[in-house]
Amino acid sequence: KLVTGVQTCALPISIVCGNQANVMMLEHRHDQALALVERGVSLHEAHGSGHGLAVALATLGQVCVRLGDLQRAESALHRALEVRGKILFRDTTGAVFDSLAQIHLIRGQYEHAAEYLARASEAYGTYGQTSPWYEWSIRLLSARLAGRRGESTDALVRADEMIAAGAPAFDALQANLVAAEARLSSDRVEEAGERMAAGAEAGHRPASAPGT
(Lines give C-alpha, C1' and ligand atoms only; values in the text may rest on other atoms or scores of the structure.)
Protein backbone atom coordinates (compact mmCIF):
# COMPACT_ATOMS: atom_id res chain seq x y z
CA LYS A 1 0.00 0.00 0.00
CA LEU A 2 2.86 2.36 0.78
CA VAL A 3 4.43 1.74 -2.63
CA THR A 4 1.08 2.30 -4.35
CA GLY A 5 0.63 5.55 -2.44
CA VAL A 6 4.06 6.78 -3.47
CA GLN A 7 3.33 5.97 -7.11
CA THR A 8 -0.04 7.71 -6.93
CA CYS A 9 1.63 10.80 -5.50
CA ALA A 10 4.61 10.82 -7.88
CA LEU A 11 2.65 10.64 -11.12
CA PRO A 12 0.68 13.90 -10.60
CA ILE A 13 3.95 15.60 -9.65
CA SER A 14 5.54 14.41 -12.90
CA ILE A 15 2.58 15.78 -14.86
CA VAL A 16 2.92 19.13 -13.11
CA CYS A 17 6.63 19.15 -13.98
CA GLY A 18 5.77 18.64 -17.64
CA ASN A 19 3.15 21.37 -17.63
CA GLN A 20 5.49 23.81 -15.91
CA ALA A 21 8.25 22.94 -18.39
CA ASN A 22 5.92 23.92 -21.23
CA VAL A 23 5.23 27.25 -19.50
CA MET A 24 8.97 27.86 -19.10
CA MET A 25 9.49 27.18 -22.82
CA LEU A 26 6.82 29.73 -23.71
CA GLU A 27 8.69 32.24 -21.55
CA HIS A 28 12.02 31.24 -23.19
CA ARG A 29 13.36 30.08 -19.82
CA HIS A 30 14.86 26.95 -21.28
CA ASP A 31 17.28 26.07 -18.48
CA GLN A 32 14.38 26.01 -16.00
CA ALA A 33 12.32 24.00 -18.47
CA LEU A 34 15.13 21.47 -18.76
CA ALA A 35 15.38 21.00 -14.99
CA LEU A 36 11.62 20.48 -14.69
CA VAL A 37 11.29 18.04 -17.54
CA GLU A 38 14.31 16.03 -16.39
CA ARG A 39 12.59 15.59 -13.03
CA GLY A 40 9.40 14.55 -14.79
CA VAL A 41 11.24 11.96 -16.86
CA SER A 42 12.92 10.54 -13.74
CA LEU A 43 9.58 10.22 -11.92
CA HIS A 44 7.93 8.49 -14.87
CA GLU A 45 10.90 6.11 -15.25
CA ALA A 46 10.72 5.22 -11.56
CA HIS A 47 7.01 4.44 -11.62
CA GLY A 48 6.50 2.87 -15.04
CA SER A 49 4.09 5.26 -16.78
CA GLY A 50 4.31 4.32 -20.46
CA HIS A 51 2.43 7.14 -22.13
CA GLY A 52 3.44 9.64 -19.44
CA LEU A 53 7.10 8.78 -20.03
CA ALA A 54 6.64 9.21 -23.79
CA VAL A 55 5.14 12.67 -23.25
CA ALA A 56 7.95 13.65 -20.87
CA LEU A 57 10.61 12.44 -23.31
CA ALA A 58 8.91 14.31 -26.15
CA THR A 59 9.02 17.49 -24.06
CA LEU A 60 12.65 16.83 -23.16
CA GLY A 61 13.41 16.58 -26.87
CA GLN A 62 11.69 19.89 -27.57
CA VAL A 63 13.61 21.63 -24.78
CA CYS A 64 16.93 20.24 -26.00
CA VAL A 65 16.19 21.48 -29.53
CA ARG A 66 15.65 24.96 -28.10
CA LEU A 67 18.96 24.67 -26.22
CA GLY A 68 20.80 23.47 -29.33
CA ASP A 69 21.62 20.03 -27.90
CA LEU A 70 20.45 18.19 -31.01
CA GLN A 71 22.09 14.85 -30.19
CA ARG A 72 20.37 14.58 -26.83
CA ALA A 73 17.11 15.83 -28.34
CA GLU A 74 17.17 13.17 -31.05
CA SER A 75 17.94 10.43 -28.53
CA ALA A 76 15.04 11.48 -26.27
CA LEU A 77 12.60 11.71 -29.18
CA HIS A 78 13.43 8.26 -30.57
CA ARG A 79 13.11 6.83 -27.08
CA ALA A 80 9.69 8.48 -26.78
CA LEU A 81 8.59 6.57 -29.87
CA GLU A 82 9.87 3.33 -28.37
CA VAL A 83 8.06 3.65 -25.02
CA ARG A 84 4.76 5.18 -26.13
CA GLY A 85 3.03 1.82 -25.89
CA LYS A 86 0.32 0.22 -27.99
CA ILE A 87 -2.07 3.17 -27.77
CA LEU A 88 -1.01 5.85 -30.24
CA PHE A 89 -1.76 9.34 -28.97
CA ARG A 90 -1.95 11.51 -32.07
CA ASP A 91 -0.65 14.77 -30.61
CA THR A 92 2.25 13.10 -28.77
CA THR A 93 3.38 11.14 -31.81
CA GLY A 94 2.96 14.16 -34.06
CA ALA A 95 4.97 16.35 -31.69
CA VAL A 96 7.86 13.86 -31.73
CA PHE A 97 7.97 13.76 -35.54
CA ASP A 98 7.60 17.56 -35.60
CA SER A 99 10.68 17.97 -33.39
CA LEU A 100 12.66 15.43 -35.42
CA ALA A 101 11.82 17.41 -38.55
CA GLN A 102 13.17 20.54 -36.86
CA ILE A 103 16.41 18.77 -35.98
CA HIS A 104 17.03 17.62 -39.56
CA LEU A 105 16.10 21.05 -40.91
CA ILE A 106 18.71 22.65 -38.63
CA ARG A 107 21.29 20.10 -39.78
CA GLY A 108 20.53 20.79 -43.43
CA GLN A 109 19.25 17.25 -43.99
CA TYR A 110 16.24 18.36 -45.97
CA GLU A 111 15.05 14.98 -47.24
CA HIS A 112 14.93 13.61 -43.70
CA ALA A 113 13.21 16.79 -42.54
CA ALA A 114 10.56 16.40 -45.26
CA GLU A 115 10.02 12.76 -44.28
CA TYR A 116 9.46 13.56 -40.61
CA LEU A 117 7.31 16.56 -41.50
CA ALA A 118 5.04 14.30 -43.56
CA ARG A 119 4.82 11.82 -40.68
CA ALA A 120 4.00 14.64 -38.26
CA SER A 121 1.22 15.89 -40.54
CA GLU A 122 -0.20 12.38 -40.81
CA ALA A 123 -0.09 11.90 -37.04
CA TYR A 124 -1.71 15.26 -36.27
CA GLY A 125 -4.46 14.83 -38.85
CA THR A 126 -5.85 17.45 -41.19
CA TYR A 127 -6.10 21.11 -40.20
CA GLY A 128 -9.06 21.73 -37.95
CA GLN A 129 -8.93 18.24 -36.43
CA THR A 130 -6.11 18.87 -33.96
CA SER A 131 -4.74 21.63 -31.75
CA PRO A 132 -4.19 24.93 -33.62
CA TRP A 133 -0.70 25.13 -32.10
CA TYR A 134 0.35 22.01 -33.98
CA GLU A 135 -1.20 23.31 -37.19
CA TRP A 136 0.93 26.47 -37.04
CA SER A 137 4.04 24.45 -36.27
CA ILE A 138 3.55 22.25 -39.35
CA ARG A 139 2.82 25.23 -41.58
CA LEU A 140 5.88 27.12 -40.38
CA LEU A 141 8.18 24.12 -40.79
CA SER A 142 6.82 23.57 -44.31
CA ALA A 143 7.54 27.19 -45.23
CA ARG A 144 11.03 27.05 -43.75
CA LEU A 145 11.81 23.80 -45.53
CA ALA A 146 10.72 25.28 -48.88
CA GLY A 147 12.96 28.28 -48.28
CA ARG A 148 15.97 26.15 -47.33
CA ARG A 149 15.51 24.11 -50.48
CA GLY A 150 15.65 27.27 -52.58
CA GLU A 151 11.93 27.15 -53.40
CA SER A 152 11.44 30.84 -52.58
CA THR A 153 8.08 31.22 -54.31
CA ASP A 154 6.60 28.26 -52.42
CA ALA A 155 8.09 29.53 -49.15
CA LEU A 156 6.54 32.96 -49.70
CA VAL A 157 3.13 31.50 -50.56
CA ARG A 158 3.14 29.31 -47.45
CA ALA A 159 4.24 32.20 -45.22
CA ASP A 160 1.54 34.49 -46.62
CA GLU A 161 -1.10 31.80 -46.15
CA MET A 162 -0.15 31.55 -42.48
CA ILE A 163 -0.46 35.27 -41.96
CA ALA A 164 -3.75 35.48 -43.85
CA ALA A 165 -5.12 32.62 -41.74
CA GLY A 166 -4.46 34.59 -38.54
CA ALA A 167 -1.29 32.98 -37.21
CA PRO A 168 -0.51 33.83 -33.54
CA ALA A 169 2.11 36.48 -32.79
CA PHE A 170 5.22 34.29 -32.65
CA ASP A 171 4.24 32.28 -35.72
CA ALA A 172 3.32 35.45 -37.65
CA LEU A 173 6.75 36.85 -36.76
CA GLN A 174 8.48 33.70 -38.02
CA ALA A 175 6.32 33.61 -41.17
CA ASN A 176 7.32 37.18 -41.99
CA LEU A 177 10.98 36.27 -41.50
CA VAL A 178 10.57 33.36 -43.93
CA ALA A 179 8.91 35.75 -46.39
CA ALA A 180 11.75 38.25 -45.95
CA GLU A 181 14.34 35.56 -46.69
CA ALA A 182 12.37 34.56 -49.79
CA ARG A 183 12.36 38.19 -50.98
CA LEU A 184 16.10 38.54 -50.32
CA SER A 185 16.83 35.41 -52.35
CA SER A 186 15.10 37.17 -55.28
CA ASP A 187 17.09 40.39 -54.67
CA ARG A 188 13.95 42.26 -53.64
CA VAL A 189 15.64 44.00 -50.75
CA GLU A 190 13.05 46.72 -50.16
CA GLU A 191 10.21 44.20 -49.92
CA ALA A 192 12.33 42.05 -47.60
CA GLY A 193 12.74 45.05 -45.31
CA GLU A 194 8.99 45.61 -45.30
CA ARG A 195 8.40 41.99 -44.28
CA MET A 196 10.94 42.25 -41.48
CA ALA A 197 9.18 45.37 -40.20
CA ALA A 198 5.85 43.53 -40.37
CA GLY A 199 7.41 40.66 -38.44
CA ALA A 200 8.63 43.01 -35.71
CA GLU A 201 5.13 44.45 -35.41
CA ALA A 202 3.57 40.98 -35.23
CA GLY A 203 6.07 39.98 -32.55
CA HIS A 204 4.63 42.60 -30.19
CA ARG A 205 1.21 40.97 -30.17
CA PRO A 206 0.34 38.83 -27.08
CA ALA A 207 1.50 35.23 -27.47
CA SER A 208 -0.83 32.25 -27.16
CA ALA A 209 -0.02 29.01 -25.39
CA PRO A 210 0.26 25.62 -27.11
CA GLY A 211 -3.11 23.96 -27.42
CA THR A 212 -5.08 27.23 -27.51
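The values are calculated or read from the model by the stated rules, or taken from the named source; none is laboratory data. Everything numeric here is computed off the predicted structure, so don't read it as measured data. Positions of Cβ are backbone-derived with ideal geometry, glycine not excepted, and every protein chain shown enters the neighbour counts. Quick note on the areas: whole protein, heavy atoms, side chains included, nothing else; ligands and nucleic acids left out. Shrake-Rupley method; radii C 1.70, N 1.55, O 1.52, S 1.80 Å.
Listing for the model above:
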quantity	calculated
Global geometry of the range 26-122, whether rounded, prolate or oblate, following the gyration tensor of its Cα atoms and the 1.5 cut on a/c	oblate
Cβ crowding within 10 Å averaged over residues, with 156-167, 176-187 ranked highest first	176-187, 156-167
Relative compactness, the range 91-202, computed as alpha-carbon Rg over 2.2 N^0.38 Å	1.04
³J(HN,Hα) computed for each position of the range 189-195 - Karplus, 6.51 cos²θ - 1.76 cosθ + 1.60, integer Hz, glycine/proline x	5, 4, 5, 4, x, 5, 5
Share of carbon and sulfur in the accessible heavy-atom surface of the range 22-123 [1.4 Å probe, %]	51
Estimated FRET transfer efficiency (Leu184, Gln32; beta-carbon r; R0 45 Å; 0.05)	0.80
